[in-house]
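Working notes, structure below.
Values in this text are rule-based calculations from the coordinates and carry no lab data. As the structure is a computational prediction, the values presented were derived from the model and not from experiment. All Cβ positions, even for glycine, are placed from backbone atoms using ideal geometry, and neighbour counts span all protein chains on display.
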Number of protein chains: 2
Amino acid sequence: MTTSKKADRQPNSREQQRLETRRSLAEHAIRLFSERGYDETTVEEIAAAAGVSARTFFLHFSTKAAAAFPDHDARVHDFVTRLNAGAPHVNPLSQLRSTLDARLDGESPSRLVRYRLLAEVPELRNEDARTDRDYEKAIAAYLILHWGDTIEAEVRANAIANALIGVARATLSAGGIYGIDARAATAEILWRMFGSPFDDPLHSV
Amino acid sequence: MTTSKKADRQPNSREQQRLETRRSLAEHAIRLFSERGYDETTVEEIAAAAGVSARTFFLHFSTKAAAAFPDHDARVHDFVTRLNAGAPHVNPLSQLRSTLDARLDGESPSRLVRYRLLAEVPELRNEDARTDRDYEKAIAAYLILHWGDTIEAEVRANAIANALIGVARATLSAGGIYGIDARAATAEILWRMFGSPFDDPLHSV
DNA sequence: CATGTAGGTACAGTGGGTGAAGTTAATACC
DNA sequence: GGTATTAACTTCACCCACTGTACCTACATG
């Protein structure tokens with residue numbers, strides 16, 4: 001077992017080997033979570049399926065739940081990048097809207113399977129609230145950057161960020177369960193909430 | 001240690017003794033979390049401080065984090081009761097609004113300390129997303145009850161519930177950190193979002 | 001080819017959480 | 001009042017997520 005997966009000796013760089021191990025761990029983790037349930041799957045089993053030791057699992061993912069979202073960090077980073085790539089003087093909420101729309105448009109069917117898993121396994125939903133909170137922090141930071149770092153702006157930015165992510169989570173989850181178009185549902189619900197009254201939130205109080 | 005806290009033999013009913021143990025566990029848990037931090041406090045220490053065994057802790061709270069919110073279940077139940085106590089034909093969103101307003105009005109300063117702890121200890125925030133999800137479920141169920149059990153209503157109800165709780169969480173957390181009036185901030189942000197466009201959400205699409 | 005180092009392993013430990021069997025004392029019932 | 005029941009708690013043994021540490025080994029690179 002120790003050398004089985006290293007037998008396919010290619011001119012792979014070490015980094016590629018590492019990525020392959022990580023990919024394999026995530027793949028088997030998601031498969032096992034789906035097949036037998038989250039609680040019924042141990043990290044030991046995931047690691048064994050991927051042909052590595054249990055300790056190695058935690059060199060790639062900080063928690064058992066994190067293996068279900070292997071590209072989370074990259075996606076958050078990508079989201080932040082797009083958020084800040086807007087034209088300099090565009091309304092921050094408009095920029096936020098178009099970035100979120102683009103993100104929801106790009107959701108592949110294969111990812112919807114992930115959201116279905118998320119919706120159906122409460123352990124995963126509970127344990128990986130961290131996932132959402134990263135987006136909330138990113139959105140709040142973006143808004144504060146544009147609105148100024150006052151207490152009032154901070155409260156408002158956090159409130160909006162939490163509400164946005166809450167709606168997105170609910171509709172993506174529904175997308176996973178019912179196969180409905182998450183983008184359309186989210187867009188409709190979301191932007192009716194965050195319409196005109198919030199275009200200039202700090203001066204219309 | 002085994003009989004120390006049973007020495008004060010009163011004509012207490014067993015139930016009162018049980019409640020006293022629970023209260024003591026929660027009190028020491030919150031104190032220890034505040035004093036030395038969440039991760040630096042073990043369940044064993046909490047139990048020892050309350051004069052009971054570690055196993056007993058889990059007869060009262062299902063997780064370590066749950067001890068920080070000892071009255072959570074009662075509060076959710078109370079919330080649901082008030083929600084459904086409205087006049088029969090009142091607009092569900094109006095009822096929701098007044099119930100939430102009342103809840104936020106009733107937040108005592110001592111509870112704000114709790115929210116401060118919540119805001120400052122990410123482990124607690126992450127680990128007890130369950131707290132929020134109970135409210136989300138309650139609100140969504142209430143809206144579905146009034147709107148009908150269609151997929152569309154369900155998606156919409158969940159989205160609104162998540163957004164509401166997101167805003168409430170953000171502002172309560174700000175209330176804990178900055179001591180600002182959570183009710184005022186939440187009310188202002190929240191009800192501008194959920195204003196007129198949502199008064200008749202199922203027929204104005 | 002020598003050497004540093006990245007990726008992995010083995011091992012031992014901590015701590016949250018559970019199941020099961022036993023103890024004690026309050027209570028219910030006669 | 002005496003006996004049976006049972007609720008609250010304890011002890012013990014266990015599982016599993018997660019961590020620290022020391023070690024190994026093969027790739028990389030000068």
Distances in nm, one decimal, shortest first, from residue B:85 to the same residue in every other copy, taking the label point 7 angstrom along Cα→Cβ. 5.3
Between copies, how close do the residue A:109 label points come, placed 7 Å along Cα→Cβ, listed in nm from shortest? 6.0
In nm, one decimal, shortest first: how far is the label point of residue B:71 (7 Å from Cα along Cα to beta carbon) from the matching points in the other copies? 4.7
Can you work out the Karplus-derived ³J(HN,Hα) for every residue in the range B:40-47? Use 6.51 cos²θ - 1.76 cosθ + 1.60 with θ = phi - 60°, whole Hz, and x for glycine or proline. 7, 10, 9, 4, 4, 5, 4, 4
Counting other C-beta atoms within 10 Å, and keeping those with at most 15, which DSSP coil GluC sites (Glu not before Pro) do you find in the range A:17-57? A:40
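When a/c reaches 1.5 or more, the comparison of a/b and b/c decides; with that in mind, is the range B:1-115 rounded, prolate or oblate per its Cα gyration tensor? It would help to have the intermediate numbers written out before the result.
On the way: a/c = 3.01, a/b = 1.91, b/c = 1.58.
It is prolate, given that a/c is not under 1.5 and a/b is the larger ratio.
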Which whole-percent values make up P(r) of the range A:4-67 when all C-alpha to C-alpha distances are grouped in 10 Å steps starting at zero? 22, 54, 21, 4
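Quick check: from the Cα gyration tensor, does the range A:71-197 come out rounded (a/c under 1.5), prolate or oblate? Can you show the working numbers first?
Numbers: a/c = 1.77, a/b = 1.58, b/c = 1.12.
Prolate shape, in that a/c is at least 1.5 and a/b is the bigger ratio.
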Quick one: Karplus J couplings for the range B:80-96, per residue in order, coefficients 6.51, -1.76, 1.60, θ = phi - 60°, nearest Hz, x for Gly and Pro? 4, 4, 5, 4, 8, 8, x, 4, x, 10, 6, 4, x, 6, 5, 4, 4
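Below 8 Å between Cα atoms, with a sequence gap of 6+, how large is the relative contact order for the range A:110-185 in percent? Intermediate results must be reported in sequence, preceding the final value.
Details: 53 pairs, mean separation 32.4, N = 76.
This gives 43 percent for the range A:110-185.
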